[in-house]
Amino acid sequence: MAAPWNPPKKGEDFECNITLEDYANPGNFKANPTLASGDVKISKDGGSFANLATLPTVEPASGVSVKLALSSTEMNADKVIITFVDQTSPKEWADFALSIPTTQ
């Protein structure tokens, strides 16, 4: 059975998992990346980027999979773009962007 958030629908909660590349070891996933406020932002339909309401989490703990959970308000757009940009120096993980086209 398909997950209730597949396909991504405009105005409905959405979840997915991503992995981030280890900045110090290119070509490898970053285990247990540290995600802080300001690292992950959202843009809806080409609008300004803003912090997510809920910071993504590593799931399972200490793994490489990062769970992204977007609210129905955050998904209320035809195109949702999420950026992952580590604010620390040196960076822990490489920049990443995810574009989510929604359906009605």
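Read-outs throughout are calculated quantities, based only on the coordinates presented, and are distinct from any laboratory measurement. Being a predicted model, the structure only gives us computed values, none of them experimental. Neighbour counts run over all protein chains shown; Cβ positions are idealised from the backbone, glycine included.
Of note:
- Residues of segment 36-70 that are on the phi < 0 side of the Ramachandran plot, without any contact (Cβ under 8 Å) to a residue 40 or more places away in the chain and not small (G, A, S): K44, F49, N51, L52, T54, L55, P56, T57, V58, P60.
- Residues satisfying the stated conditions in segment 85-104, i.e. more than 20 Å from E15 (Cβ to Cβ) and of a type outside the set (A, V, I, L, M, F, W, C): D86, Q87, T88, S89, P90, K91, E92, D95
- Members of segment 91-102 that are assigned to a strand (DSSP E or B), touching a Lys or Arg at 6+ places or on another chain (Cβ under 9 Å) and not hydroxyl-bearing (S, T, Y): W93, I100, P101
- With respect to (1) surrounded by 11 or more Cβ atoms within 10 Å (Cβ to Cβ); (2) more than 11 Å from the chain's Cα centre (by Cα), the lone exception for T103 is condition (1).
- Test: residue in segment 37-47 that is out of contact with any Asp or Glu (no Cβ under 8 Å at 6 or more places or on another chain) and among the charged types (D, E, K, R): yes
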